[in-house]
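The values are calculated or read from the model by the stated rules, or taken from the named source; none is laboratory data. Keep in mind the model is a prediction, meaning the values are calculated, not measured. With ideal geometry, Cβ positions are generated from the backbone for all residues, glycine too; neighbour counts draw on all protein chains shown. SASA here: full protein model, heavy atoms, side chains in, ligands and nucleic acids out. Shrake-Rupley method; radii C 1.70, N 1.55, O 1.52, S 1.80 Å.
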Amino acid sequence: MISIGLAGWGDHAKLYKAGIKPQERLKEYSKFFSLVEVDSSYYAIHKDSLYRKWAGDTSGHFSFVVKAYQGMTGHTRQAYSEDDLEVMFRDFRESIGPVIEAGKLKAVLFQYPPWFDCSRHNIAVLRSARKRMEDIPVALEFRHQSWFKPDMMQKTLTFMREEGWIHTVCDEPQVGDGSVPIVEAAVDPQLTLVRLHGRSNDGWLSSGQPNWREVRYLYRYNEQELEEWAQRLIRLEQLSETVCILFNNNSGGDAADNALQLMAMLGQTPPRGFFGEDPQADPVEQLDLFDLPGEE
């Protein structure tokens with residue numbers, strides 16, 4: 001199965017009828033897609049009541065990929081004590097409990113920062129994080145090329161497979177060490193995650209600039225690029241029972257359009273309004289340790 005969705009449900013205005021309140025958008029979103037990435041969990045550990053509402057707002061076939069809190073992936077650059085980390089991970093696990101109980105959690109996404117390189121220390125960090133997440137499915141996304149250099153790629157994939165991580169295949173600008181190539185591979189027989197960030201080189205390097213939110217993911221995939229991804233997904237589907245693909249090219253509102261185009265290419269059912277029909281109409285049917293060089 002190939003499941004397609006978007007990163008977040010608040011930045012896709014064209015999906016919603018006029019007058020839809022923010023708290024009602026997830027219900028409306030779920031009429032178009034059966035998968036969504038929760039991004040707000042990166043900025044705060046939510047109360048479990050919020051996840052309970054989200055689980056209740058969506059049908060039984062709907063599922064979530066929840067992004068790990070930034071303190072859990074080192075983005076805050078703070079040195080947490082072991083006790084602090086234990087509490088942080090515990091609170092996060094408990095917060096997503098309602099989604100797990102509802103059978104709607106695909107995975108928790110651990111996206112590590114661009115400075116998280118391939119080293120013995122960071123391998124230990126990954127092992128610790130995986131252990132703290134207990135039996136919850138976890139997907140791993142790198143942002144440093146050292147993990148997928150030619151001499152390390154297979155070692156990295158083997159490590160993920162042995163440690164119980166789900167591989168995240170990324171499409172993003174190739175602009176130095178702070179990005180990873182497309183690694184078409186699966187390490188988990190149940191699930192592979194795919195995230196499409198766009199290919200804006202300038203936008204990818206905009207971190208720290210006042211307008212970075214507007215330009216970092218400003219990119220619209222063309223038909224040829226989407227067709228290439230359709231073929232990749234079909235190949236990945238032979239390696240994992242489910243392939244979840246999330247469009248994160250949100251800066252210009254292109255994610256929803258691209259996702260619906262890809263659905264059509266794969267023979268899935270796109271809703272009306274994106275291919276010349278009434279945008280207010282209801283959806284229609286059819287259409288061991290790494291042997292690393294360097295110091296510990």
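Here are a few things to note about the model shown:
- Carbon/sulfur fraction of accessible area - the chain, other protein chains in place, 1.4 Å, %: 48
- The range 66-199, relative contact order in percent, only Cα pairs under 8 angstrom and at least six apart counted: 21
- A P(r) calculated from all alpha carbon pairs of the range 92-222, with 10 Å bins opening at zero, reads 12, 39, 32, 17, 0 percent.
- As computed over the range 31-92, the Cα convex hull volume per residue (Å³): 83
- By the rule of a C-alpha distance below 22 Å, with chain neighbours fewer than 8 residues away ignored, the lysines paired with K21 are K31, K47, K53.
- The phi-based Karplus calculation (6.51 cos²θ - 1.76 cosθ + 1.60; θ = phi - 60°) puts the 3J(HN,Hα) values of the range 174-190 at 9, 10, x, 5, x, 8, 10, x, 5, 10, 7, 7, 10, 10, 10, x, 8 Hz, whole numbers, x for Gly and Pro.
- 10 Å-binned pair-distance histogram of the range 13-139 (Cα, whole percent): 12, 41, 29, 15, 3, 0
- Using only Cα coordinates, the Kirkwood hydrodynamic radius of the chain works out to 19.8 Å.
- Modelled FRET efficiency - R0 30 Å, E163 with E228, Cβ distances, 0.05 increments: 0.50
- 1.4 Å probe accessible area per residue over the range 1-46, in Å²: 44
- Sequence-distant residues sharing a close amide H with D39 (under 5 Å, placed H): G8
- Of all aspartates and glutamates in the structure, the ones whose alpha carbon falls short of 12 Å from that of K149, not counting any fewer than 8 places away in one chain, are D117, D177.
- The range 160-264 - Rg over Rh from alpha carbon coordinates, Kirkwood radius: 0.99
- Residue ranges 39-49, 168-178 sort as 168-178, 39-49 when ordered by packing (mean number of other C-beta atoms within 10 Å per residue, highest first).
- Computed [θ] at 222 nm, deg cm²/dmol, the chain (DSSP H ≥ 4; -39,500 (n - 2.57); rounded to nearest 500): -8500 deg cm²/dmol
- Cα gyration tensor shape of the range 17-58, rounded if a/c is under 1.5, else prolate or oblate by comparing a/b with b/c: prolate
- Residue-normalised accessible area of the range 100-222, expressed per residue, 1.4 Å probe, Å²: 43
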